[in-house]
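Report on the structure given below.
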C-alpha cells in the first residue's frame, strides 16, 4: 500500500478548466486480484476489503491534490487507477447542455445526414464543440419535424459534447453565435447530468401546427373542419413505411381552425404527439381516417408546415427541480 500511496501522491491529476468534480475507476491488476482472493479465503465478509481501502485512500489523495470533489453520479473527470502502479489515465467526461431550438429554414435535417448539406445538430454542435474543444457531439432531441418544415416553437434537446478540453462556456454568448446565420435560433438553458438526456428523448408533448394547404375553402367547408375534434386512426404513412413498422396508431386531434394570411389558406391544428399532420390533412389514400379531405369530400394536401407550439411542461419541470435540488 505504501508504494501505491507514493505513486499516487507523485502523480499529476490533469483536468479541464471549469471542472469541479471527479471519480475514479480502479482497474483490475494481478496484485490486487491476488490480495482479494486471499481476503475471500481467510476473512469474513464483514471485513473492509482492500479495494475499498484503495478507493477511499485514492479519493482522499486526489481531493487533497486538486480543487475537485468526488461525485459518484456525474463527475467531470474520471481517473483510471491501478494498484499498485497508481494513475493510468484521465478522461474528460461529456458536457450535457439542455436547450430548445427553432428551425427557421426548410430543407435542413435535424440530425447529420449525408443527403442534406446542413443540419440542426451540426449548426449547434459544431459551434459548441469549437468553444469547448470537444472531439465529437451528439444531439438528443424530443421528436423532430420534417426536413421541409420549420419550427418556430422551440424543440427541447440535449447536446452531448464529448471529451471537452475546457468546461468553461458562456451559454448566452454561445447561443448568440449559433443564431447569427439565421438558419437556427437556440436557447441554451443550462448544464444537465447525463440522465436528463432520457427525460428529453422519452418525453413527447402535444404540438400545434400551422399547415398551409393547396385549396381555398368555402364557409361551409371551414365550418365542417372547425367542428372536428376526436380520435383518428393512422396507418403508417406511405412516405415512411419503408423504415417504420406498418401498424395503425390512434391519435387525438384537439382542434382544427381554418384561416388565411399572406401566404395563403391554412389550418391551425393541435394534436397529440406522434400525429402525422400531413396525412391527417390528405388522408394518405385512406390510410388516415378520418382526414380533413374525407370530412369535406375534397382532396387537400399540405404545401408547407410550421410547428407553432410544443408542450414542454414536464421536461421544464424536471429541469427546474434539478437546478433547485
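The values are calculated or read from the model by the stated rules, or taken from the named source; none is laboratory data. What you see is a predicted model; the values in this text were computed from it and never measured. Cβ placement follows ideal geometry from the backbone for every residue including glycine, while neighbour counts extend to all protein chains displayed.
Has segment 302-325 got at least one residue that is part of a loop (DSSP other than H, G, I, E, B), more than 24 Å from residue 222 (Cβ to Cβ), without any contact (Cβ under 8 Å) to a residue 12 or more places away in the chain and within 29 Å of the chain's Cα centre (by Cα)?
Looking for residues that are part of a loop (DSSP other than H, G, I, E, B), more than 24 Å from residue 222 (Cβ to Cβ), without any contact (Cβ under 8 Å) to a residue 12 or more places away in the chain and within 29 Å of the chain's Cα centre (by Cα), one finds at least one in segment 302-325, hence yes.
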Legend entry - segment 260-291, residues that are surrounded by fewer than 19 Cβ atoms within 10 Å (Cβ to Cβ), in contact (Cβ under 8 Å) with a residue 12 or more places away in the chain and not in a strand (DSSP E or B): 263, 272, 273, 274, 285, 290
Legend entry - Tally, over segment 138-187, of residues that are farther than 15 Å from residue 312 by Cβ, buried (at least 17 other Cβ atoms within 10 Å of the Cβ) and under 13 Å from the mean Cα position of the chain (by Cα): 4
Inset, instruction - Please determine, by comparing only the residues of segment 292-313 that are in contact with a helix residue (DSSP H, G or I) (Cβ under 8 Å, 6 or more places away or on another chain) and either outside the structural domain of residue 226 (by TED's automatic domain parsing) or more than 19 Å from residue 206 (Cβ to Cβ) (or both), which one is surrounded by the most Cβ atoms within 10 Å (Cβ to Cβ). - result: 300
Legend entry - When residues of segment 111-126 are limited to those that are modelled with pLDDT of 90 or more and farther than 17 Å from residue 188 by Cβ, the one farthest from the chain's Cα centre (by Cα): 118
Inset, instruction - Say whether the condition of being in a loop (DSSP other than H, G, I, E, B), closer than 27 Å to residue 104 by Cβ and outside the structural domain of residue 188 (by TED's automatic domain parsing) is met by at least one residue in segment 225-232. - result: no
Inset, instruction - Identify, from the list 173, 102, the residue that is touching a strand residue (DSSP E or B) at 6+ places or on another chain (Cβ under 9 Å) and not assigned by TED's automatic domain parsing to the domain that holds residue 13. - result: 102
